[in-house]
Amino acid sequence: MNFWNSFIIIALLLISNSIVYVIFNKYLYNKPNAGMRFLAVNMSKDIIWLIISLFIIDKTKANFLLIVICFIIGSFLIYYPIIKRINKS
């Protein structure tokens, strides 16, 4: 497993999650169906991230496991604060 490829995948996930969070705060929060709109934006972000990640790394079990773990952790880190914020409003 190449360190730089792993670093790029993790950095892409962090950057894309940050962008989606900013989009949610500026344009989607306090709008009708904010949760569903967030899901649509986040799912399209996840698909794009997955395609880019698969082009970057070698197709091995260890690298696939890295992608899965990054996806699970990244999803938790973005879904938790947004669901918490939607439930407060």
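Computed values, structure above
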quantity: 18 Å tail of the calculated P(r), the range 3-87, as % of Cα pairs; calculated: 42 percent
quantity: Carbon/sulfur fraction of accessible area - the range 3-87, other protein chains in place, 1.4 Å, %; calculated: 77 percent
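The values are calculated or read from the model by the stated rules, or taken from the named source; none is laboratory data. Quick caveat: nothing in here was measured; it's all calculated off a predicted structure. Calculation scope for accessible area: heavy atoms of the full protein, side chains included, ligands and nucleic acids excluded. Shrake-Rupley method; radii C 1.70, N 1.55, O 1.52, S 1.80 Å.
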